[in-house]
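Colleague: Starting off with a structure, shown below.
The values are calculated or read from the model by the stated rules, or taken from the named source; none is laboratory data. Keep in mind it's a predicted model, so treat the numbers as computed, not measured. Every residue, glycine among them, receives a Cβ derived from its backbone with ideal geometry; neighbour counts consider all protein chains shown. Please note that ligands, DNA and RNA were not included when accessible areas were found on the heavy atoms of the full protein model with its side chains. Shrake-Rupley method; radii C 1.70, N 1.55, O 1.52, S 1.80 Å.
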Amino acid sequence: MFGRLLTVLRPFRMLMLVLFLIAILVDTLLPIPSDIRLFLLLFLWLLIIHLFSFKSTATFKVALGFLAVLFFIFLFARNNPSLDRLSTWVYFFLLIGIIQQFREIASQ
Amino acid sequence: MKYKLIPLFISIALAIVPFFWLKLGWIDIGGDSSRLYFYDPLNYLKSFPLWGIAPDGFAGQNIGYHLIPFVSFLYILKLLLFNSSYLLITLFNSMQLVVAFLSIYGIVRTFLSGEKEKEAVFTAIVGGLLYTLSPGLIHTGWDRAMYTHNQFFLYPFLFFLTLKYIHTKNFAFLLIALLTTFVFAPNFSQPSPGFFAFFPLAFLYLFFYAKLIKKTTLNLKYLLLAAFLFVTIHLFHLLPQAMAIFGDQSSAFYQAAFSEEGKISRGLGYFTSQVGVTKFVNNLTTLPQLAPWQSLIPKFTEPFWFIIPALLILGLIAAGKANATNSLQKKNVLLLSLFFLLALFLITAKVTDTGLFLYKSLFNIPGFAMFRNYVGQFAYIYTFFYALAFSHALFFILILLNKLHRLLLFLSLTLLITVTASQFLRGDMINLVINPGAKTQVRIPTRVDPVYEQALDYIRKDPIDGKYLTLPFTEAGLQMLAGTEGGAYMGPSTIAYLAGKKDFSGYQVLSPFSELFLRLVRDQNFASLNQLLGLLNIKYIFYNSDPYIYGENFPELPYQHVNKFMPEDQESYRSFIERLPVEKVVSFGDKYHIYKLKESEYTPHIYVAQTIFKVLPDELEHVLGFPSSPRNRITFESALVGKHARFLLKTDKIDIYRRIAKDFPIPVRYPFAKWRPDAIVYPLIMLKEKIQAGKFKESEDGRIDISLLFSNKRISELARWGGGFKILGNVRNQQELLGYFKEPTFLELPRRFGTYMTWEANLSRYMQGAEEAVKQVEQAKKSNAWQIEKKSQIYEALLDNQKLLNIMVKDSDNSVKDKEYLQRLLDEVFLHYLQRVRVEKFTPTVLEYSINNPTDQMIPYEAYIVKDTVGDVDVLQSKSQFGEYVLTPSGSSPDNPLIPLGTVQVPPHESLFTLTIPRQSIVDNQAWDAVESVMTSSDLATVTLQSFPLKKKAYSLDTGFIKFIKNWEAKSHYLLSFEYQTYGDTFEMSLLLREKPTKEKPELGEYGPVFTEKKNTREWESFSAVIQSNNIESAIFHIKPAEGRVKQTRIDIRDFSVIKLPTQPDILFKRVDKDLTVANVSEVSSRPTIQYTKINPTKYSIRVQGAKEPYMLVFSDAFSGNWELFKTERGAPEKIIASYFNGEVNEGMHKNVFLNMDTFKTWGKRAIAQDGHFMVNNYANAWKIEPEDVGGETDYTLILELTSQRIFYITFAISLFAVFITIILTLFSFRAYGKKAK
């Protein structure tokens, strides 16, 4: 089932990546955070990982990207509500990256 | 190899740093735990930890056994350090820093054993520094550190030892850890949040580490042995603690862990308030969760802390790419990172809404409420895993870098950490100000005044067993002592904790007498105050007259609330003390003074009661207030008061708030209606309502509230889905409407699905709720006062419901016919219920009371007004009507807190009476302003509306007539009332208010409506409402004909008044029979002579002589069932050091024996007079001793013992044995390991 889904989505993988990045940007800017949005986007990232065969490094790099954005917002607006949302993104990308890397080590 | 010396240099530096925190000879003591064990460990040990009772005034049970090893350890250290408290505190701080650093260093080195050494050393150093000087931890607990702060170094150290055991399999490491836990037993005692925050996660990690990373087997036998030894070593405090918690369900610990209030209100409530202010990003970067002005770290360093999570992520990336590296290290860094994330979740709580929901649900687990301050509780475990994960990840980066980059990175990180902690390193956390906001700053570090030490020594050596009252009186029972060169001690009483004397040092310690004490001081009621001091067994007053610790230096903490009652400065304090029945004993210097209560006022610690009053606890203060009450050895017994004629009768006030619930804002609550009545889940909602209502079967108040709430919910449903409700038009009157709808049974559900969605069904269900509420009031066997209160509550709720339903009907899209049909039904319904709950009109100048004489006889009582409660009422102009009696106050002396009213015969059971007082209305009854021509019963001048700056949309003043009300006083309540007759027409009555300008709103505002009500009557009715005036400038009362209801309008109004509500004074009744002959006061004619000797704070010997008749023995320590009396063979009389009441009570030479052969003398013996053991004086122990309790003997010796102390003796022996076994096992384990290694 999951494999078939991946096959169907594979031609649109670039589109999905772009969509993912835009969605993340929108999510960060939206005033009210939503768990459904967050978990859907995380699921989308999991699909992207499979579609592009991304390693844990890629997930960690995205986490690092979030951290960089977090840093700049922190510099200029310490009470910006987006800080909490971005921290949550860092948290989940770290978590996904760690689990990915566990699997990579296991597969080695 | 030089790099290996770096940890040594850092350790030396960290050990030296605390030497700069305090000046030579200064100490930082005080705070919640006092830290007096650093100052004088031996006397601290003798005063508190050895005994199962607190050394404060009431000496209630309080277990401090866990402190014994730690305080003993400090005592030994202090002896080795030339008896210097400064050295002890400083070296202890050094030890904390060094052990914390070396533990983390050791853990990282152990993890990386076998890896590139130089990188491993650098990594471990950074990890150690990151933990030790972490911004999140340098702000926590260093300020007058409690022993709980030991977790900072202790828990990582124990983790290190356990890790060493996993690596080496040398059991000695675990045994050393166990011995360490014995010394630091306070950190493993009580339900300690720090312990539960750290060890479950730490041990879970170690388990995974051993199984997945090291792939080693854990010897279950050894682990079980270690667990057994741990429990046995700590048995001496764990078992007494557990017995105290589970043996007494009213204990604070039990309540906090298991009661709904503890779990939800104090636990979840506090947690929720904290979640909002927790910043996720601060946790991610280890920055503190503090306001900028509280933070000690330089602001410019804060952004640099993003380097830490960035390097962690880069390290994880590097670990993923480092193919050559040991995969076990990779797994370990991932495992550590996972635990870091878990700890991050725990310290942040709001990682997504789902996470927060899960977190909140954990509060249902008994005991989880201990984590309500989750940021503080999880800070240590979080920083611990962060430091380990970070340093491990750093290792993977360092091995990729060349020498120069490696060194640069190492130095940069070290610099960042140390610069950030620079203020901490220079001792700012120790050197805090304890009186923020005051003119002169007073800091924590202090040098104890040697003159005070002399005073303390004098108190310690005083042979008399009397209690102390420490003045100036503080809020939390803290004592204030100025140092010789600035600084001050603000902490628990040194008289209690270092001199071993029971001390009432403040408000919280004096509970339940705190408020009474303050009132008596404020009112200068010395007669009652003297009696209270005697009742509390206070022998001495210790007065510190130093102006440095009282007055302008400390306007708030630690005096806050008590400041309003106690003398305002030291001069007034001195005059106050001089008016007490005391004589000065001695002064030390010009600051420390000890006074002694005159013998005529003093009641010894143990005595035989002379006069026994049967009064309820809350009446005690009033008995003390009667100057004619007997003095000395009076005892107040609350048990068995029951239906006996009472010495005092307190009246129940039927105040305005019972009579009129139309408060501002109107307190009627309409619950949110989430589901339509024809929704598929609606029957479940009904079931839920039924279950909720069932919970209040036993409580009339609860049933009334819930019935009204569900009735209101029916209105909410109509309000939300009004258009969806059909009108069937098949109900003729309110009687039919009540029985119209019956809740369907389970089988009827499919057939009757949707029958809820009619106006008739909904109104019928509304009526059933109202009917239930009204029935409860009518049928309850409660006092008249209660019935008036409840009827008023329902009346106001019904008025509000009526208003809403009328609007709904009027504004609905239904046909005129349907509207008229519904309106007729509503009018009938509300007419019916409003009549059933109508109460007589309240008159603010006639204050109502009820009184309950529990006997079946008429008894003479004298009535008194309590002066303290009269407020602004001129009671001398008042009169009271009690049945046929008319009582008038006769005045009283300024010292007397009571104003006599006269004598009445109080009939059996409940009676009502009134007190009439003079009051004027602030508005004239005649002058109404007409908006337009209307038929009225008064002559009115015509004015136009344009003069009122009203928002047209908010409220319309286009018709009717109005009355201006001015002259409001701020922060007062007023009763607006009048009588009206509308001749069948409907009128709307509204009140509009305008506030005075304030600083925030300098301009005069507009009038805003407070309430609007529709009235329609053919008889004279009364209207009343309570108005709360915080800052009212003026008000308009507006009456107009209701729109579209009737064509002709006429209303008559009379007796319109707005009267400031008076304070309703307390009135009490005292029996006027001869005091000592009535059933509730008794005089003990034949009393034995006693001589008591303290063996230790938990044991007294009482030599009784001439006990021919029953007598009551009183022991003035907090009541506990564990205090028991044992009869032993009569011992030889001891030297008498003090004698009272002509030799009836004598004090022997007191001792403080911890253990001797006599300790076990009473073990196995049966306690006497256990059935006659009860509480007196609202706190103390008393025994009624009959001659048969002591085998008919008249001369004998009793041992009074706190039997719970025996558990400690037994368990302490077991624990010491376990410690001995552990030491032996450690030696054997090292020897065996050495042999094996060879």
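Colleague: In terms of the Cα gyration tensor, with a ≥ b ≥ c the square roots of its eigenvalues, is the stretch B:442-516 rounded because a/c is under 1.5, prolate because a/b exceeds b/c, or oblate?
Modeller: Since a/c reaches 1.5 but b/c is at least a/b, the shape of the stretch B:442-516 is classed as oblate.
Colleague: Rounded to the nearest 0.05, what FRET efficiency do A:I99 and A:F72 give with R0 = 30 Å and r taken as the Cβ-Cβ distance? Could you check?
Modeller: 0.60
Colleague: Would you list the P(r) distribution for chain B, with all Cα-Cα distances sorted into 10 Å bins from 0 and each bin expressed as a whole %?
Modeller: Bin by bin from 0 Å, the calculated values are 1, 7, 12, 15, 16, 16, 14, 10, 5, 1, 0, 0.
Colleague: Could you tell me which of rounded, prolate or oblate describes the stretch B:724-881, using a ≥ b ≥ c as the square roots of the eigenvalues of the alpha-carbon gyration tensor, with rounded for a/c under 1.5 and, failing that, prolate when a/b is larger than b/c and oblate otherwise?
Modeller: prolate
Colleague: List, by residue number, every residue in the stretch B:329-349 with a reduction of 30 Å² or greater in accessible area between the chain on its own and the complete protein assembly, 1.4 Å probe.
Modeller: SASA drop of 30 Å² or more in the stretch B:329-349: B:K330, B:K331, B:L334, B:L338, B:L341.
Colleague: Starting from the 7 Å offset along Cα-to-Cβ, what nm value, one decimal, do you get for the label separation of A:R4 and B:T1017?
Modeller: Distance between label points: 7.7 nm.
Colleague: Beyond 51 Å, how much of the Cα-Cα pair distribution for the protein assembly as shown remains, as a whole percent?
Modeller: In whole percent, the share of Cα-Cα pairs in the protein assembly as shown beyond 51 Å is 48.
Colleague: Could you let me know the centre-to-centre spacing of the stretch A:11-77 and the stretch B:72-120, using Cα atoms, in angstrom?
Modeller: 44
Colleague: Once you wrap a convex hull around the alpha carbon atoms of the stretch B:436-476, what is its projected area averaged over all directions, in nm²?
Modeller: With the hull built on Cα positions only, its mean projection is 4.7 nm².
Colleague: Chain pair B, A: how much accessible area is buried, both chains summed, with a 1.4 Å probe, in Å² to 100?
Modeller: When B and A are taken together, about 3000 Å² of accessible area is lost.
Colleague: Here is a further query. In whole Å, how far is the Cα centre of the stretch B:175-222 from that of the stretch B:1116-1172?
Modeller: 45
Colleague: At 1.4 Å probe radius, can you tell me the per residue accessible area of chain B in Å²?
Modeller: 42
Colleague: Please label the shape of the stretch B:1-77 as rounded, prolate or oblate, based on the square roots a ≥ b ≥ c of the eigenvalues of the alpha-carbon gyration tensor (a/c under 1.5 means rounded; beyond that, a/b larger than b/c means prolate, else oblate).
Modeller: Since a/c reaches 1.5 and a/b is larger than b/c, the shape of the stretch B:1-77 is classed as prolate.
Colleague: In whole Å, what is the distance between the alpha-carbon centres of the stretch B:472-535 and the stretch B:732-809?
Modeller: Between the Cα centre of the stretch B:472-535 and that of the stretch B:732-809, the gap is 55 Å.
Colleague: What's the Kirkwood radius of the stretch B:1122-1238 in Å, using all Cα pairs?
Modeller: 18.5
Colleague: What translational diffusion coefficient, in µm²/s and rounded to a whole number, does the Stokes-Einstein relation yield for the stretch B:306-398 at 25 °C and a viscosity of 0.890 mPa s, taking the hydrodynamic radius as the Kirkwood radius over Cα pairs?
Modeller: After rounding, the answer is 170 µm²/s.
Colleague: Continuing with the same structure: Loop-only GluC sites (Glu not before Pro) in the stretch B:1150-1228, please: DSSP not H, G, I, E or B, and at most 14 other Cβ atoms within 10 Å.
Modeller: B:E1193
Colleague: How far apart, in nanometres, would the label points at B:A1138 and B:S572 be if each is projected 7 angstrom from Cα along the Cα-to-Cβ direction?
Modeller: 3.1
Colleague: In the stretch B:1120-1165, what GluC sites (Glu not before Pro) fall in a loop by DSSP, with at most 11 other Cβ atoms inside 10 Å?
Modeller: B:E1129
Colleague: Okay, next question. Considering only DSSP states other than H, G, I, E and B, which trypsin sites (Lys or Arg not before Pro) in the stretch B:756-855 qualify as loop sites with at most 16 other Cβ atoms within 10 Å?
Modeller: When the trypsin sites (Lys or Arg not before Pro) of the stretch B:756-855 are filtered for loop state and at most 16 Cβ neighbours within 10 Å, B:K781, B:K782, B:R838, B:K841 remain.
Colleague: For peptide A:63-71, what's the mean number of Cβ atoms from other chains within 10 Å of each residue's Cβ?
Modeller: Mean inter-chain Cβ contacts per residue within 10 Å come to 4.
Colleague: Also: Whenever you get a sec, compute what percent of the accessible area on the stretch B:1077-1168 sits on carbon and sulfur atoms (1.4 Å probe).
Modeller: 52
Colleague: Can you work out D for the stretch B:707-798 in µm² s⁻¹ from Stokes-Einstein, where Rh is the Kirkwood radius over C-alpha pairs, the temperature is 25 °C and the viscosity is 0.890 mPa s?
Modeller: 168
Colleague: Per residue and in Å³, how big is the convex hull formed by the alpha-carbon atoms of the stretch B:777-823?
Modeller: It comes to 68 Å³ per residue, whole-number rounded.
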